[in-house]
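One structure is given below, encoded as structure tokens.
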Amino acid sequence: MSLARRRDRGASRSELLRKIIIRSLVIIAVGILLNGFPRYDLATLRLPGVLQRIGLVYLVSASVWVLLPLRAVVALVLVLLSGYWALMTLVPVPGFGPGHLEPVGNLAQYLDQLLLRGHMWRPEWDPEGLLSTMPAIATCLLGALTGEWLQHSRPTARVAAILLLAGVALTAAGLGWGHWFPINKSLWTSSYVVFTAGAALILLAACYWLIETGGVEGWARPAYVFGVNPLLAFVGSGLMARILGRMQVGSGEGAIPLQRWLYERLCASWAGPLNGSLVYAMGFVGLWLLLMWPVYRRGWRIRA
């Protein structure tokens, strides 16, 4: 939608591509800086990450969106999903053979070990590795195709119904594919892409019906607060989590991270370890909602 607006204002293809490249590099750089905070040891600095994946996926997806017609985009989604499935299930990995999908021994992990050794989330694997970026691009393009379809004028009830039907169909297809290529977020399997796209469309249909048809949108205000400044919320909350994890309560061998102290004293002490974790997470999100609210009310927009 943002690319369409820029194009309508007269931006050329080369201008759009330049903007896409710059934005992608900024997002990737911010992700790497966040990974290393507060000590930047280049020998062990994690190179992949959530923002790095978003940057790479945006770079490819937005460029494809600018350069290719819609039919080619649809074809590319199918190629990415089927190609990733074929690579992960048919290409043999030394010492493990083909189709091995455990954390160690799958093709994505093997390639990451070759290219990113010493710079991953865990010594042997990373959930935001290189090869699994392929299906993540398909995820983004499915969202872009949905956004393109939503821009055409149609009765709101019909839009909600079609979104719901498409969501149910994709969810069922993802579950079915999962019998042969298991639904797995860490590997970002093709079945995971189809299943989550279906679930997202079902949720989108419900939101569209409530907001566009019923005019009921007060409940969605927290999503607006985070949605207009997602990079600020992600980086700020990530920095806070790292700071809380490094600050110590107590001294000597009895010292524990402040994050753990807050969780144990304020949450787990009365809610138990499992529900306490949920309470802590909800409290953390609630805190950042309060911090982001004045930014939203003042209309500030911080973008890459």
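No value in this document is a laboratory result; all are computed from the given coordinates. Remember, predicted model here, so these are calculated numbers, not experimental data. Here the Cβ is made from the backbone with ideal geometry for all residues, glycine too, and neighbour counts use every protein chain on show.
Which loop-located GluC sites (Glu not before Pro) does the range 182-286 contain, where loop means any DSSP state but H, G, I, E or B and the Cβ has at most 15 other Cβ atoms within 10 Å? Each step should come with its number before you reach the end.
Values: sites: GLU212, GLU217, GLU253, GLU264; in loops: GLU217.
Those satisfying the criteria are GLU217.
Can you pull out the chymotrypsin sites (Phe, Trp or Tyr not before Pro) in the range 132-193 that DSSP calls coil and that have at most 11 other Cβ atoms within 10 Å? Don't skip to the end; give the middle numbers.
On the way: sites: TRP149, TRP177, TRP180, TRP188, TYR192; in loops: TRP180, TRP188.
Those that pass, being in a loop and sparsely packed, are TRP180.
What's the magnitude of the charge dipole for the range 210-273 around its Cα centre, counting Lys and Arg as +1 and Asp and Glu as -1 at the beta-carbon? Answer in Debye, nearest 20. Working shown, then result.
On the way: 5 positive and 4 negative charges, 47 e Å.
Using Cβ point charges on Lys, Arg, Asp and Glu, the range 210-273 gives about 220 debye.
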Taking DSSP loops as anything outside H, G, I, E and B, show the longest stretch in the chain free of trypsin sites (Lys or Arg not before Pro) there with at most 13 other beta carbons within 10 Å.
186-297
Tell me, how many Å apart are the Cα centres for the range 2-74 and for the range 237-291?
32
Give the residue from PRO94, ALA4, GLY286 lying farthest towards the positive end of the charge dipole for the chain; charges sit on Cβ (+1 for Lys and Arg, -1 for Asp and Glu) and the dipole is referred to the Cα centre.
ALA4
log₁₀ of I(q)/I(0) at q = 0.16, 0.25 Å⁻¹ - the range 57-124, Debye sum with one point per alpha carbon
-0.71, -0.99
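Kirkwood hydrodynamic radius of the range 2-152 from all distinct Cα pairs, in Å?
Numbers: mean 1/r = 0.0586 Å⁻¹.
Taking every pair of different Cα atoms in the range 2-152, averaging 1/r and inverting gives 17.1 Å.
How much mean residue ellipticity at 222 nm does the chain get from its helices, if each DSSP H run of length 4 or more adds -39500 (n - 2.57) and you divide by all residues, to the nearest 500 deg cm²/dmol? Please report the intermediate quantities before stating the final value.
Numbers: 12 runs with 197 residues, N = 304.
That calculation yields -21500 deg cm²/dmol at 222 nm.
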Rg and Dmax of the range 224-297, using alpha carbons, in Å: what are they?
14.3, 45
Over all directions, what mean area does the Cα convex hull of the chain project, stated in square nanometres?
19.8
Given charges at Cβ of Lys, Arg, Asp, Glu: the range 2-152 dipole, positive-most of TYR58, LEU76, SER132
TYR58
So, in nm, how far is label ARG260 from label TRP293 when the simple model puts each one 7 Å beyond its Cα toward the Cβ?
3.3
Hey, fewest Cβ within 10 Å first, where do MET88, MET240 land in order?
MET240, MET88
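Using Cα pairs closer than 8 Å and at least 6 residues apart in sequence, work out the relative contact order for the range 224-297, in percent. Show your work: numbers first, answer last.
Working: 49 pairs, mean separation 21.3, N = 74.
Relative contact order, the range 224-297: 29 percent.
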